[in-house]
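Structure first, commentary second.
Where a number appears in this text, it was derived from the coordinates with a stated rule and is not lab data. The structure presented is a predicted model; accordingly, all values stated were derived computationally and were not measured. Positions of Cβ are generated from backbone atoms using ideal geometry, with glycine treated the same way; all protein chains shown enter the neighbour counts.
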Amino acid sequence: MRIIAGSRKGHTIHAPKGVDTRPTGDRVREAAFNLIGPVDGASVLDLFSGSGAMGLEALSRGAERAVFVESNRTACRAIERNLEKLRLTGARVVCDEVLRFVASERQTYDLILVDPPYQLVESLQVRLGHYLPALLAGDGLLVFESSAGDEPDLPLEKRTSRRYGSARLTLFEHA
């Protein structure tokens with residue numbers, strides 16, 4: 001995997017070995033950022049971070065800060081190594097359960113990236129929907145990645161939903 005654009009364009013990033021993480025592929029990441037648009041100066045929350053590919057891409061493209069939340073310790077170490085290798089600043093890695101983090105977080109974010117294990121999307125969306133609207137800045141954008149067959153529903157306005165191979169990107173904003 002590699003960074004698609006920005007100050008670290010072309011640099012490789014590493015994902016943890018095994019089947020516990022499913023990194024967002026280059027093609028889907030590029031499509032996501034084409035839909036998102038410029039992220040200069042943005043604050044980013046990357047939930048279910050895995051390798052951190054989406055948040056790393058945002059930092060490379062000019063986001064000011066990013067918080068990566070991932071419960072898998074091996075994945076957390078991979079994100080930290082990627083941040084160090086890419087010399088990206090303004091990042092914090094939180095190795096904790098996503099639901100516990102969002103329940104206690106009080107900051108708001110311009111961009112929230114949500115990429116849970118595909119098989120958990122249905123069971124998580126209601127619980128996440130309870131917390132995510134309060135974490136999304138008034139003019140912010142939330143990007144939810146799911147399997148192509150799932151279309152997540154959150155208590156936010158759906159801007160668009162598009163399929164990319166086996167993945168679906170659904171963008172939400174405040175009404």
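Using a Förster distance of 35 Å, how high is the FRET efficiency between R73 and E151, based on the Cβ-Cβ distance and rounded to 0.05? Walk me through the numbers before you get to the answer.
Numbers: r = 32 Å, r/R0 = 0.90.
For R73 and E151, the calculated efficiency is 0.65.
Please work out the Cα center distance from region 107-129 to region 133-175, rounded to the nearest Å.
The two parts, judged by their Cα centres, are 9 Å apart.
Could you give each residue of region 53-61 its phi-based ³J(HN,Hα) in whole Hz, using Karplus coefficients 6.51, -1.76, 1.60 with θ = phi - 60°, and x for Gly or Pro?
Each residue of region 53-61 in turn: 3, 5, x, 4, 4, 4, 5, 4, 8 Hz.
Using a Förster distance of 30 angstrom, determine the FRET efficiency expected from the C-beta separation of R81 and E30, and round it to 0.05.
0.85
Quick one: Karplus J couplings for region 123-135, per residue in order, coefficients 6.51, -1.76, 1.60, θ = phi - 60°, nearest Hz, x for Gly and Pro?
Per-residue couplings from phi come out as 6, 8, 4, 5, 5, 5, x, 5, 9, 4, x, 6, 8 Hz.
Counting pairs of alpha carbon atoms under 8 Å apart in space and at least six apart in sequence, what relative contact order in percent does region 26-173 give?
20
Sequence-distant or interchain residues sharing an amide H contact under 5 Å with A137, placed H: which?
When sequence neighbours closer than 5 places are left aside, the close amide H contacts are Y109, D110.
How much of the pair distance distribution for the chain lies past 27 Å, counting alpha-carbon pairs only, in percent?
Numbers: 2305 of 15225 pairs.
Tail of P(r) above 27 Å: 15 percent of Cα pairs.
Per-residue HN-Hα couplings for region 85-97, Karplus 6.51 cos²θ - 1.76 cosθ + 1.60 at θ = phi - 60°, whole Hz, x for Gly and Pro?
4, 7, 6, 9, 10, x, 10, 9, 9, 10, 8, 7, 5
What trypsin sites (Lys or Arg not before Pro) does region 12-120 have in DSSP loop regions with at most 14 other beta carbons within 10 Å?
Sparse-neighbourhood loop trypsin sites (Lys or Arg not before Pro): K17, R87, R106.
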